[in-house]
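Following: one structure in structure tokens, then a few remarks.
Just so it is clear, none of the values below were taken in a lab; they were calculated from the coordinates. Being a predicted model, the structure only gives us computed values, none of them experimental. Cβ placement follows ideal geometry from the backbone for every residue including glycine, while neighbour counts extend to all protein chains displayed.
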Amino acid sequence: MKNLFLAFLALSGMAVTAAVGTFGLAYNYTENRLEKQWEAPTPRVEVSTDAEVIERGRHLTQHVLLCAQCHGEDLGGLNPYIDATGVVLVNSPNITRGQGSVVLEYTPDDFARTIRYGVRPDGTAAAVMPVQNFTGISDDDLGAVVSYLQTVKPVDRTNPKSVFKPMGRMLWYFGVFDLQFTALLDLESPRPSETPTDEKGHGEYLFNLAGCQDCHGETASGGAMPGAPSDMAIPKNLTPHESGLAGWTRDDFDRAVRAGMSKDGTQIDKLMPWNKFAGMSPAEVDALWAHVKKLEPKAFGNR
């Protein structure tokens, strides 16, 4: 019995040592990523005082890019924004010109690079910010968003930095997810200078900017999101498949996008930010509808 007990202690010690060693590797890896310097182009934008340009920027910020989802209605940041126990505590920063803001010293070009690439003035990459959606924004629209942000009422609020917990660092280290979406981008490829004007091209553009693929998957066929809690709503199939939008009309689609009402009359879960999309214009809904109608039909769940 004594020998068995001693063997158990030895094995336990080895297991603890291995766990501590692995966490050490994970910690070093994630810290190096958080401190890594990224080489990203700096878009050159001009701040406009034109009312139409500023309104375009406000519209994009509120109803397409959905900045308030993360940064709060006043853009002063949320504390917390995400609290995944044991994994990560995300506090979104204040992006107004008020005290405590992380952008007080930002130039317009700094704003532009951070929005399009997630790369801050010091060269580090923002974590959790969904730049994989924003990276295709046109120069014109990027300039409009930056112009609008200069006009936002300053909010005096200091939010603590986000905290990456041991389990979160381990999951990041083992590649279960990546919390810096800048790493997913091709930083060198050209971005559009102008916003697409043809209906289908504009629809695809909006679909990507709004991050529809984040929930509905790269094929837009929906299904449970990998790693999501069991009680989280399951995104629907947006392709013209019989398990998706086959049989839907443009008006059915409009009610879903802007009123959160499915074709069968049931309320759509607010996981889909239809309360924000409610501010989209009829022309934008037309463009999105033209895009999803042309998607390859896929059976539900083939994300």
Q. For the chain, what is the calculated [θ] at 222 nm in deg cm²/dmol (nearest 500), taking -39500 (n - 2.57) for each run of four or more DSSP H residues and dividing by its residue count?
A. -12500 deg cm²/dmol
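Within segment 45-119, report the GluC sites (Glu not before Pro) that DSSP leaves as loop and that have at most 16 other Cβ atoms within 10 Å.
Details: sites: Glu46, Glu52, Glu55, Glu73, Glu105; in loops: Glu46, Glu73, Glu105.
Passing both the DSSP loop test and the Cβ count: Glu46, Glu73, Glu105.
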Q.
Connecting C-alpha atoms closer than 10 Å in a GNM of the chain, tell me which of Phe177, Phe111, Phe253 has the biggest fluctuation.
A. Phe177
Q: Run through all the Cα pairs of segment 51-184 and give the fraction in each 10 Å bin from 0, expressed as whole percent.
A: 13, 42, 35, 10, 1
Q.
In segment 199-293, if the dipole is taken from +1 on Lys/Arg beta carbons and -1 on Asp/Glu beta carbons about the Cα centre, which of Ser230, Gly247, Val285 is farthest to the positive end?
A. Val285
Q: Note down the magnitude of the dipole of the chain about its Cα centre, charges +1 on Lys and Arg C-beta and -1 on Asp and Glu C-beta and zero elsewhere, to the nearest 20 debye.
A: 1100
(Q) Checking the cross-link filter: which aspartates and glutamates have an alpha carbon closer than 13 Å to that of Lys36, excluding same-chain neighbours under 8 positions apart? (A) Asp122
Q) In segment 104-198, what trypsin sites (Lys or Arg not before Pro) fall in a loop by DSSP, with at most 15 other Cβ atoms inside 10 Å? A) Lys161
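Under 15 Å from the Cβ of Thr96, count the other residues' Cβ atoms, weight Lys and Arg +1, Asp and Glu -1, and hand me the total.
Numbers: positive: Arg58, Arg97, Lys153, Arg157; negative: Glu73, Asp74, Glu105, Asp110, Asp156.
Result for the neighbourhood of Thr96: -1.
Hey, what did segment 66-181 get for relative contact order, percent, Cα under 8 Å, at least 6 apart?
Rounded, it is 33 percent for segment 66-181.
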**Q.** Cα centroid of segment 201-274 to Cα centroid of segment 95-161, whole Å
**A.** 28
Q: Starting from the Cα gyration tensor of segment 199-293, take the square roots of the eigenvalues, sort them a ≥ b ≥ c, and report rounded, prolate or oblate (rounded when a/c is under 1.5, otherwise prolate if a/b is larger than b/c, else oblate).
A: rounded
Q | Whole-Å semi-axes of the chain's equivalent ellipsoid (Cα gyration tensor) | A | 37, 28, 17
